[in-house]
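Heads up: the structure comes next, in structure tokens.
The values are calculated or read from the model by the stated rules, or taken from the named source; none is laboratory data. Quick caveat: nothing in here was measured; it's all calculated off a predicted structure. Methodologically, a virtual Cβ is constructed for each residue, glycine included, from the backbone with ideal geometry; neighbour enumeration extends over all protein chains shown. Calculation scope for accessible area: heavy atoms of the full protein, side chains included, ligands and nucleic acids excluded. Shrake-Rupley method; radii C 1.70, N 1.55, O 1.52, S 1.80 Å.
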Amino acid sequence: MNSCKRQDGIGLGVNESNQINGSLVVDTNITIRTEIDSSIVTSGLSKTPMGDFADPEFGGTKADLALGLGLPSVPYTVPAGTLTIDSAVMVLRYADGFYGDSIASRFKVNVYQLKEKASSAISYYSNRKWQVDSTLILGSKTFTAHTHDSVTIALIRSAQVDTIQKVGPQLRIAFSKKFIYDNLLNATGTQLASNTTFLEAVKGLYVTLDREHPTDAGGIIQLKLDSSRIDVFYKAVNGATIDTAVATLSFPSYSAAVRHTYTTTIKAALASTTGSQNDIYLQGLAGLRAKVSFPGLEKLNPDSVVLNRVELVISPRPGSAIPYAPLAKLGMYQLDIANQRTYIQDSSPSDPRNGGPSVFGGFYNKTKKEYRFIITAYIQDLILKKTKDYGTFIAPVDTTVINSAAGVDYSPTVQNAARTKVVGSDKSPYSIKLNIIYTKIRK
């Protein structure tokens, strides 16, 4: 533990209004190591990942989709007359959060039928392996991911003149007309009586995304599957009446299956039994987290000091943020006695010492190239032995909560595909450290 003392204000990136007088100790005796993060339920998320990303530092990541199918209406009545399908299009709406190379990379998406039912009544985890009929491709497209570009499409209107319309960013995949005809327009009344009987028959769809060229970096796309769909454009000839119309199949259930294939370096770090590591790998998509502990706290006498402010400072390894940006925010949490994730005291809504998300921190400072957490209450409780360290972790968090009122999250996430390589305990100027400002108790 390194230390220095100043009786004037100790500046730790604070303004004059909250400057604190006291002694400063810089503790670099911190144990930190990389671990596999937990799998997570991916059913029904506001953003769902799909992609294929080859990261030179971290390795490969694949994210596939499992989709249930819902009828256009319940029960669905097949239109009268002779029916001809002009086209069927799977529409996957883009969400914010692409990570990877969106400029040079091209992708190929394939759609297959599931051999097992994708039910909305079941919560599916990110590590699930689905049974897929890979013998028949129901839809395919090669494309570049323009996740923020609007699209102009033909708008088919029943009993009206067709027109064109500009719609939001989306991926449009030509889908099998035969599949739609066999399972919808030519299906039995029993199959079309409810979404349950329909799903029993069709099972669902499985969507994979691959890099078109092995040299492409690829990337991870985030999708809004709650408003994605399959549009079926058909013509109905009933006597002298000819009309064009659209039937839309929804995705009442959807989830992501995520697979990571790590580099030799990361595999060695995960297998290592050493106490602390110099390079730490943090990865979204329920990938990697860091376990951290503070053995240097034993040198602080709980009977003689009061902590005024404690900052945990973490820095990305210089050069590791190029070409892929580091995580915009990190989360920090602890395990309770039941080995369940819970808040650090400084972020807990039930702890009066909680200063709120903006004070707790974890945001990436692009100017200083670092993350900072204010963990004064947690460290004070450790010193006073009011709490026990059952496991403390730093991990990626869902980017949708960064600017929210909640702002603090400790769940693993697949809604954030970014990663960061940070400096661990190699004693460089960028190594992880605790800045501790304390006041001595006069006796």
Given the Cα-Cα distance of T135 and T273 and 0.36 nm per residue of separation, how much length would full extension add, in nm? 45.3 nm
Estimated translational D of the range 150-277 in µm²/s (Stokes, Kirkwood radius over Cα pairs; 37 °C; 0.692 mPa s): 170 µm²/s
Averaging 1/r across every pair of distinct alpha carbons in the range 57-108 and inverting yields a Kirkwood hydrodynamic radius, in angstrom, of 16.3 Å
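If packing is taken as the average number of other Cβ atoms within 10 Å across a peptide's residues, how do 308-319, 414-425 rank, most packed first?
Highest-to-lowest ranking by the protection proxy: 414-425, 308-319.
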Starting from the Cα of Y390, step 7 Å along the direction of its Cβ; do the same at N186; then give the gap between the two resulting points in nm. 5.9 nm
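When the dipole is taken about the Cα centre of the range 289-436, and only Lys, Arg (+1) and Asp, Glu (-1) are charged at their Cβ, what size is it in debye, to the nearest 20?
Around 480 debye, computed over the range 289-436.
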Calculate the radius of gyration of the Cα atoms of the range 297-373 to one decimal place, then report Dmax, the largest Cα-Cα distance, as a whole number, both in Å. 15.4, 49
Pop out the ³J(HN,Hα) list for the range 327-335 in order, Karplus 6.51 cos²θ - 1.76 cosθ + 1.60 with θ = phi - 60°, rounded to Hz; leave Gly and Pro as x. 4, 5, 7, 10, x, 9, 8, 10, 9
Square roots of five times the C-alpha gyration tensor eigenvalues of the range 53-140, ordered largest first and given in whole Å, equal 31, 19, 14
Given a 1.4 Å probe and every protein chain left where it sits, what share in percent of the accessible area of the chain is carbon and sulfur? 50 percent
Which number do you get for Rg(Cα) / (2.2 N^0.38 Å) in the range 286-443? 1.05
Quick check on the range 113-224: take the gyration tensor over C-alpha atoms, sort the square-rooted eigenvalues as a ≥ b ≥ c, and tell me if it's rounded (a/c under 1.5), prolate or oblate. oblate
Using the structure shown, select from K129/K203; K178/K203; K62/K178; K329/K366; K291/K433; K369/K427 the pairs with a Cα to Cα distance greater than 22 angstrom. K62/K178
Inter-site label distance for S120 and V306 at 7 Å from Cα along Cβ, in nm: 5.7 nm
Given 0.36 nm per residue, what is the gain on full extension from S194 to Q340 after removing their alpha carbon distance, in nm? 48.6 nm
Could you give me the percent of Cα pairs per 5 Å distance bin for the range 313-352, shortest bin first, beginning at zero and ending with the bin that holds the maximum distance? 5, 17, 18, 17, 12, 12, 11, 6, 1
Show me, for the range 312-326, the HN-Hα J-couplings you get by feeding each phi into the Karplus relation (A = 6.51, B = -1.76, C = 1.60, θ = phi - 60°), rounded to Hz, glycine and proline as x. 9, 10, 10, 10, x, 4, x, x, 7, 8, 10, x, 9, 5, x
Wrap a convex hull around the Cα atoms of the chain, take a quarter of its surface area, and give that in square nanometres. 25.6 nm²
Per residue, what accessible area does the range 361-401 have, given a 1.4 Å probe and all protein chains present, in Å²? 44 Å²
Mind checking which of V408, P318, T392 is farthest towards the positive end of the range 282-435's charge dipole, using Cβ charges of +1 (Lys, Arg) and -1 (Asp, Glu) about the Cα centre? P318
Taking Cα atoms of the range 224-332, Rg/Rh with Kirkwood Rh, to two decimals? 1.31
How high is the FRET efficiency from H148 to S320, r the C-beta distance, R0 41 Å, rounded to 0.05? 0.95
Would you mind getting me the FRET efficiency between V246 and H213? Use the beta-carbon distance for r and R0 = 41 Å, nearest 0.05. 0.70
Output ³J(HN,Hα) for the range 47-55: one whole-Hz value per residue in order, computed from phi by the Karplus curve 6.51 cos²θ - 1.76 cosθ + 1.60 with θ = phi - 60°, and x for Gly and Pro. 9, 10, x, 9, x, 8, 10, 10, 9
